[in-house]
Amino acid sequence: MMNSMESFEEPFDKKGGTFVPALCSVFGTLILLGVIAVFLPLTIPRFMGYEIYEVVSGSMEPEIPVGSILYVEATPPEEIEPGDVIAFMKDGSVVTHRVEENRYVEGEFITKGDANIEEDMIPVEYQSLIGKSVFHVPMLGTLMSLLASGTGKLYAAAFAACGVMFHMLAGILKNRRRSG
């Protein structure tokens with residue numbers, strides 16, 4: 001009489017016992033690729049010279065919704081034209097508004113949020129300019145904030161460790177199969 005463990009292993013013996021190690025290896029790879037994929041939109045653009053910001057107010061809705069991630073490219077103030085969306089520093093915060101007018105002589109921009117009725121009361125001086133918004137991705141900003149937090153980094157490290165452990169388990173199972 002066979003015990004239940006022998007009957008479980010029998011089908012795998014005929015196939016060389018490669019199914020479970022292969023499955024562990026696939027899971028490990030998928031987890032590692034997932035962790036990498038989540039961080040790509042936050043890292044690759046930085047290498048290309050973009051600054052990345054999360055949109056936290058509704059002043060640019062519906063064009064740029066709250067929770068979007070905004071990619072900003074450093075641009076000389078003289079190249080900014082009416083209609084461009086710019087990011088600039090104001091009272092220690094980053095603000096994103098559309099340029100209504102570029103006053104070259106005064107060295108300032110007149111800006112307005114798309115959702116605002118009137119232009120901003122205080123012009124934006126050239127030295128406050130961070131750059132021009134090149135593109136945005138809705139909802140990705142919320143994910144960026146989560147990943148940038150200590151808890152988000154801890155989760156990412158834990159998932160990456162799980163992926164590595166699945167690969168290690170696959171190697172152990174393969175070695176056990178060969179020696180046993």
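The values are calculated or read from the model by the stated rules, or taken from the named source; none is laboratory data. Predicted model, so just to flag it, every value in this text is computed and none were measured. Cβ sites come from the backbone with ideal geometry, for glycine too, and all protein chains shown count toward neighbours. These area figures cover heavy atoms from the full protein model, side chains too; ligands, DNA and RNA do not enter into them. Shrake-Rupley method; radii C 1.70, N 1.55, O 1.52, S 1.80 Å.
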I'd like to know if the stretch 109-129 contains one or more residues that are surrounded by fewer than 17 Cβ atoms within 10 Å (Cβ to Cβ), closer than 22 Å to residue 71 by Cα, at pLDDT below 95 and touching a Gly at 6+ places or on another chain (Cβ under 7 Å). yes
Just to be sure I understand, how many residues within the stretch 61-94 are open to solvent by 20 Å² or more (accessible area, probe 1.4 Å), out of contact with any helix residue (DSSP H, G or I) (no Cβ under 9 Å at 6 or more places or on another chain) and aliphatic (A, V, I, L, M)? 2
Taking residue 98 as the residue in question, decide whether it is open to solvent by 40 Å² or more (accessible area, probe 1.4 Å) and either closer than 21 Å to residue 67 by Cα or of a type in the set (S, T, N, Q) (or both). yes
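Please list, ordered by residue number, the strands (runs of 3 or more DSSP E) wholly in the stretch 41-133 having 1 or more residues that are of a type in the set (S, T, N, Q) and touching a residue at least 12 places away in the same chain (Cβ under 8 Å). Break it down into steps so the answer makes sense when it comes.
On the way: elements: 50-54, 69-73, 85-90, 93-103, 108-112.
Because the criterion is at least 1 residues that are of a type in the set (S, T, N, Q) and touching a residue at least 12 places away in the same chain (Cβ under 8 Å), the strands (runs of 3 or more DSSP E) in the stretch 41-133 that meet it are 93-103, 108-112.
Checking the structure you have, find out if any residue of the stretch 2-13 is modelled with pLDDT of 85 or more, assigned to a helix (DSSP H, G or I) and either within 30 Å of residue 69 (Cα to Cα) or over 41 Å from the mean Cα position of the chain (by Cα) (or both).
Within the stretch 2-13, the subset modelled with pLDDT of 85 or more is none.
No; the residues of the stretch 2-13 include none that is modelled with pLDDT of 85 or more, assigned to a helix (DSSP H, G or I) and either within 30 Å of residue 69 (Cα to Cα) or over 41 Å from the mean Cα position of the chain (by Cα) (or both).
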Go through (1) at pLDDT below 90; (2) open to solvent by less than 80 Å² (accessible area, probe 1.4 Å); (3) assigned to a helix (DSSP H, G or I) and name the single condition residue 31 misses. (1)
